[in-house]
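The values are calculated or read from the model by the stated rules, or taken from the named source; none is laboratory data. Note that the structure is a prediction, hence the values are computed from the model and not measured. Cβ: placed from backbone, ideal geometry, glycine included. Neighbour counts: every protein chain shown. The protein model used for the area step is the full one, side chains on, heavy atoms only, and it has no ligands, DNA or RNA in it. Shrake-Rupley method; radii C 1.70, N 1.55, O 1.52, S 1.80 Å.
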Amino acid sequence: MILTGVPGYELDSESAALFRRIQPGGFILFGRNIQSASQLRKLIDDLRDLSDTEPIITIDQEGGRVSRLRLIGNEPPNAQQLRDRNDVALVQRHGDVTGRLLRLFGFNLDLCPVLDISFDDEADNSLRGRCYGKNVEQVTRLAGAFNQAMRQQGILSCGKHFPGYSAATVDAHHDLPKIDRSRAELDTEELAVFRAFAGGSNAVDSMMICHGWYPTFNSAKRPASLSREIITNLLRDEFRFEGLIMTDDLDMGAILNEYGLEDTIRLAIEAGNDWVMICHRIAAIDEVHSVLGKLPADEIQRALDNVARTKTKLAAPDAFSEAKFREVDREIWDLRVAVLGEEEAARRSPEDGKRSPVETY
């Protein structure tokens with residue numbers, strides 16, 4: 001029930017002992033874990049080797065600035081760049097090559113697609129460049145094409161950020177946004193997209209719950225990630241979503257500024273999450289494990305069953321070689337050129353020198 005970060009480029013003895021004892025259900029990797037292609041594959045193999053049951057190993061590989069693997073290869077186009085081309089075939093290429101790239105390194109879940117609608121491309125809410133559309137139809141069509149193509153390559157998907165982060169005006173990496181949208185407004189836009197990905201041909205394998213306060217669901221201040229009204233009543237019961245449900249990173253300011261660790265974990269599971277995400281306070285997963293052990297048995301079993309059901313869908317990693325990585329990386333460059341043109345593809349992003357929290361979290 002724990003998705004944990006990993007400290008560095010290799011598995012040190014202290015971390016290995018901690019993970020072997022706690023047996024996290026999954027590991028999430030960041031830029032701090034990526035030095036070279038062969039090093040990354042070895043780290044993932046080592047994490048798999050110390051796990052008694054096959055772990056979920058995940059990353060944020062969306063495109064653009066939220067592409068962890070751009071540290072060792074080419075940067076794929078972002079969702080907005082693909083949206084501006086409005087070509088489903090290019091989005092399918094993106095999903096296909098992303099799936100093959102991740103499978104090569106041993107990942108089995110990608111924390112995407114972003115299903116938020118862009119109400120304002122320049123909004124300072126961490127979504128800049130990450131949205132597939134400005135309306136329900138566009139997001140559903142393009143994010144759906146990415147989702148299906150990536151899943152066909154054996155990589156599970158995650159829709160985020162439920163129930164819709166589009167109207168946030170504050171970045172949850174820093175503080176808890178208050179999202180003043182009526183239920184009718186949400187139903188017409190944000191929730192219409194998530195409903196489309198909760199089941200049917202577009203269904204994602206998991207959903208990530210955002211740290212936003214929605215007064216229409218919780219009159220008292222409470223982030224969606226800790227809200228039973230949003231997770232159980234809305235996503236599970238009303239939308240009938242059967243996949244894995246996880247919090248966004250519980251090390252973000254939106255949570256740290258409001259709750260202690262024990263209350264956070266208890267509220268997260270009571271709300272209906274199956275996974276709690278701890279990306280940076282890695283030593284704290286010992287305490288997290290202890291808190292989980294004190295929760296009602298039925299809540300624990302419900303979450304464990306959902307994790308186990310998700311793990312039945314995991315695909316084995318592909319055999320790794322540097323040559324194969326370079327081949328896939330070349331395809332990413334070709335896609336970048338097809339979307340942006342050669343001159344623009346070669347130009348560095350103006351944001352490269354200004355790392356935002358979403359790139360480091």
Inset, instruction - Could you order peptides 317-329, 49-61 by the average number of other Cβ atoms within 10 Å of their residues, highest first? - result: 49-61, 317-329
Inset, instruction - Rounded to the nearest 0.05, what FRET efficiency do Glu229 and Leu71 give with R0 = 45 Å and r taken as the Cβ-Cβ distance? Could you check? - result: 0.70
Inset, instruction - Between Glu344 and Glu242, with labels modelled 7 Å along Cα→Cβ, what's the label distance in nm to one decimal, could you check? - result: 4.2 nm
Inset, instruction - Compute, for Leu176, the solvent-accessible surface of its heavy atoms (probe 1.4 Å) with the complete set of protein chains present, and express it in square angstrom to the nearest 10. - result: 30 Å²
Inset, instruction - Pick out the long, greasy-scoring helices in the chain: whole DSSP H runs spanning 20 Å or more along their own axis by Cα, mean Kyte-Doolittle at least -0.5. - result: 88-105, 136-152, 322-340
Inset, instruction - Pop out the carbon and sulfur fraction of the accessible area of the chain as a percent, whole number, probe 1.4 Å. - result: 46 percent
Inset, instruction - Please give the per residue accessible area of the chain, computed with a probe of 1.4 Å over protein heavy atoms only, in Å². - result: 38 Å²
Legend entry - Signed unit charges on C-beta, dipole axis of the stretch 156-298, positive-most listed residue Met207, Ala172, Ala192: Ala192
Inset, instruction - Quote the FRET efficiency, to the nearest 0.05, computed for Asp46 versus Ser182 with a Förster distance R0 of 51 Å and r equal to the Cβ-Cβ distance. - result: 0.55
Legend entry - the stretch 92-158 and the stretch 274-301: distance between their alpha carbon centers, rounded to Å: 28 Å
Inset, instruction - Leaving ligands, DNA and RNA out of it, rank Glu343, Glu258 by accessible area with a 1.4 Å probe, largest first. - result: Glu343, Glu258
Legend entry - Unit charges at the beta carbon, dipole of the chain: most positive-side option, Asn218, Val328, Pro24: Val328
Inset, instruction - Pop a pseudo-label 7 angstrom from the Cα along the beta-carbon direction at both Ala220 and Arg85 and give the gap in nm to one decimal. - result: 5.0 nm
Inset, instruction - Could you please state, rounded to a whole Å, how far the C-alpha centre of the stretch 1-53 is from the C-alpha centre of the stretch 190-266? - result: 26 Å
Inset, instruction - Treat every Asp and Glu Cβ in the chain as -1 and every Lys and Arg Cβ as +1, leave all other atoms uncharged, and give the resulting dipole magnitude about the Cα centre to the nearest 20 debye. - result: 460 debye
Legend entry - Shape call, the stretch 66-205: gyration tensor on alpha carbons, a/c limit 1.5: prolate
Inset, instruction - With a point put 7 Å past each Cα toward its Cβ, work out how far Glu137 is from Phe119 in nm, to one decimal. - result: 2.2 nm
Legend entry - Those residues of the stretch 4-20 whose amide nitrogen sits under 19 Å from the label point placed on Ala284, 7 Å along Cα→Cβ: 4-8, 15, 18-19
